[in-house]
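Data block below; observations after.
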Amino acid sequence: MFESTMPIIVVPQGAEYKAVCRGLTAKQNVIPIPVGGQAAIRYLQTCQDKLWNPQVKVLVMGLCGSLRDRFKVGDIVLYEECVYQTKVQQCDRFTAELYAHLQDKVSLVKGMSCDRVICSAKEKLHLSEISGADVVDMEGFAALEFFQQAGVEVAMLRVVSDDSEHDIPDLTSAINSDGSLQPLPLAISMIRQPIAATRLIRGSLQGLKVLEEVTAFLFAKQNV
């Protein structure tokens, strides 16, 4: 698909980065970024000599949470736009190119970025009602804004890893200001809500599997 201009892939560090790399059979430029908007921006600024190139396309990949009951764990979504507080970023023509290729494998959505993990089903419903968003992440808006300001074509493709109908553990306290995860607070959060933790783990594993498969479909010409 990308025979003429292979895009740079930008994906949150950790399990999401590893899943994307497993889906690649050829050498591909994959940049792992920290979790969270501010941490992601600080890191991307250190790479800007490589990234601020109008000849380059960027594909932001990763997992997301559903804000609507029609988007289930394992669904692949392609952002048309992303909101953060009162600001909106529209996705560009690279999105249309991806959509034409993926067709019925993907749904076009309105995304939303938050500074913390949205963990309760009640809050997910509230956010969908006030924003009109379909899915939520933590660094998508920041990445879109960074690359669009650089004049770089950018698209965002994500996989749903938790649904809108159930709570997940509150992991906000486990995320450092630099976007890394702290193992002990993470473990404590999971232990405090074992049912929600089991659901999160199961959904994350399913989402990561699909993330690997859609990466292979796009870059290794394998079928999802």
Computed, not fitted: 222 nm per-residue ellipticity of the chain from DSSP H runs ≥ 4 (each -39500 (n - 2.57)), nearest 500, equal to -12000 deg cm²/dmol
At q = 0.15 1/Å the base-10 log of I(q)/I(0) from the Debye formula over the alpha-carbon atoms of the range 14-104 is -0.79
For the chain, the Cα gyration tensor yields equivalent-ellipsoid semi-axes (√(5λ), largest first, whole Å) of 26, 19, 18
Length gained, residue 38-residue 181, 0.36 nm per residue minus C-alpha separation, equals 50.0 nm
Note: residue 192 to residue 170 extended length (0.36 nm per residue) minus current alpha-carbon separation gives 7.0 nm
Kirkwood Rh over alpha-carbon pairs of the range 122-224 plugged into Stokes-Einstein at 25 °C, 0.890 mPa s gives a D in µm²/s of 153
Per the rule of 0.36 nm per residue minus the C-alpha distance, extending residue 125 to residue 70 adds in nm 18.6 nm
Packing-ranked peptide list from 107-113, 94-100, 134-140, highest mean Cβ count within 10 angstrom first, is 134-140, 107-113, 94-100
note: the range 69-149, Cα-Cα separations exceeding 18 Å make up a percent value of 42
One finds the C-alpha centres of the range 116-136 and the range 28-78 to be spaced, in Å, by 20
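No value in this document is a laboratory result; all are computed from the given coordinates. Quick caveat, the model's predicted, so the values are computed rather than measured. For neighbour counting, all protein chains shown are included, and Cβ atoms are generated from backbone atoms with ideal geometry for every residue, glycine included.
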